[in-house]
Each structure stands twice: as C-alpha cells, then as structure tokens.
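A.B. asks: Have a look at this one.
The values are calculated or read from the model by the stated rules, or taken from the named source; none is laboratory data. Fair warning: this is a prediction, and the values are worked out from it, not measured in the lab. Cβ placement follows ideal geometry from the backbone for every residue including glycine, while neighbour counts extend to all protein chains displayed. Areas reflect the complete protein model, heavy atoms only, side chains present, ligands, DNA and RNA absent. Shrake-Rupley method; radii C 1.70, N 1.55, O 1.52, S 1.80 Å.
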Amino acid sequence: MSEPEHSHPINPLPPVVVALFLLIAGIEIVFALGARGIVGGPEAIGWRIAAIQKYAFADEIFSWMFANNIWPVEHVIRTVTYLFVHGSFTHAAFAGVMLLALGKMVGEVFSALATLAIFVVSGIVGALGYALFLDTSQPLFGAFPGVY
C-alpha cells in the first residue's frame, strides 16, 4: 500500500512574505474603512491622499535634497515607505497578489532576512532610478518596484 498524499489546499507561504502582504493589506483596509466612514470620522476620507503626500517618493523632494546636500530622515525614509501606500484598493490588491506569487518563489530559495532585503533594496533602487532617470512631478507609490 502506498501512503496517502498529504497536499495542502493552499500552498504554504514564507512567513516574511505573509507579513509584507498583511502590512500592505492592513493599510489598505484602514483606508477603505476610513473612506466609507466606518472608522476615523469625516477626516478619514482623506487618509489615502494624506498618506501619499507624506510617504510617497517624490522626485522633486529628492532633487532638492540632492542639490542642497540636506537629507532629512522624514524624506529619506520615503525610499521605503512608498512601497506600502497604494492609489486604490485595486492597486493594492494586484500588488499583494504579485507579492504573494513572486515572494513565494523568492522566499523558498532565500532566507527570510534575504527575502525582506531583496524587497526593500529593490524598492530603494527603484526609487533612486525613478529620481535619476525621470523628470516628473508624479509621485512614486505602490509595492511593484519592490515586488519585481
């Protein structure tokens, strides 16, 4: 007799990938609940726009920091924080699905710390490339640079 096959109904995911996904999903849930008036009161409607203004990576800010050689932490941190702010629920959903799919492959080969480092460093390199190679007033936000 052969042993019965024990297959999981859902493929197991590396914990670091699940944690990144839950962070992105948690932020998006707060924005969605705030936009519907369920949490935060009337001012919650603008939380997404406020988060984009505060945490998205802006080429103009980076250019100013580079030109003046002044690097305030509140702006330097945007090279990472933009990865967790999205323009809409759909934007966050697609980024989350891509993170789960590609993160599973990376997380199965590399350690949790290396997987996290790949996500963060890719996001930083993406932001720097955005600032150095493009001249735009459009902010950069969303997890896609870190995911890819």
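A.B. asks: I'm trying to understand the selection: among the residues of the stretch 105-133, which are open to solvent by 90 Å² or more (accessible area, probe 1.4 Å) and outside any helix (DSSP H, G or I)?
C.D. replies: Matches in the stretch 105-133: Phe110 only.
A.B. asks: Also, I was wondering about something else. What tally of residues in the stretch 31-66 results from selecting those that are out of contact with any Gly (no Cβ under 8 Å at 6 or more places or on another chain), open to solvent by less than 80 Å² (accessible area, probe 1.4 Å) and assigned to a helix (DSSP H, G or I)?
C.D. replies: Total meeting the criteria: 11.
A.B. asks: Could you check how many residues of the stretch 67-81 are of a type in the set (A, V, I, L, M) and either open to solvent by less than 30 Å² (accessible area, probe 1.4 Å) or not in a helix (DSSP H, G or I) (or both)?
C.D. replies: Number of matching residues: 2.
A.B. asks: Cβ-Cβ below 9 Å, separation at least six or inter-chain, first residue in the stretch 41-62 and more than 14 Å from Glu28 (Cβ to Cβ) and in contact (Cβ under 8 Å) with a residue 12 or more places away in the chain, second open to solvent by 20 Å² or more (accessible area, probe 1.4 Å) and of a type in the set (Gly, Ala, Ser): which pairs?
C.D. replies: From residues that are more than 14 Å from Glu28 (Cβ to Cβ) and in contact (Cβ under 8 Å) with a residue 12 or more places away in the chain, the pairs are Phe57/Gly126; Ala58/Ser137; Asp59/Ser137; Glu60/Ser137.
A.B. asks: From the set of residues in the stretch 134-148 that are hydrophobic (A, V, I, L, M, F, W, C) and part of a helix (DSSP H, G or I), which is most open to solvent (accessible area, probe 1.4 Å)?
C.D. replies: If we take residues in the stretch 134-148 being hydrophobic (A, V, I, L, M, F, W, C) and part of a helix (DSSP H, G or I), then Phe144 is most open to solvent (accessible area, probe 1.4 Å).
Table: residues versus (1) out of contact with any helix residue (DSSP H, G or I) (no Cβ under 6 Å at 6 or more places or on another chain); (2) farther than 16 Å from Val147 by Cβ; (3) among the hydrophobic types (A, V, I, L, M, F, W, C).
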position: Trp64; (1), (2), (3): yes, yes, yes
position: Pro72; (1), (2), (3): yes, yes, no
position: Ala93; (1), (2), (3): yes, no, yes
position: Val97; (1), (2), (3): yes, no, yes
position: Ala101; (1), (2), (3): yes, no, yes
position: Val121; (1), (2), (3): yes, no, yes
position: Val125; (1), (2), (3): yes, no, yes
position: Leu132; (1), (2), (3): yes, yes, yes
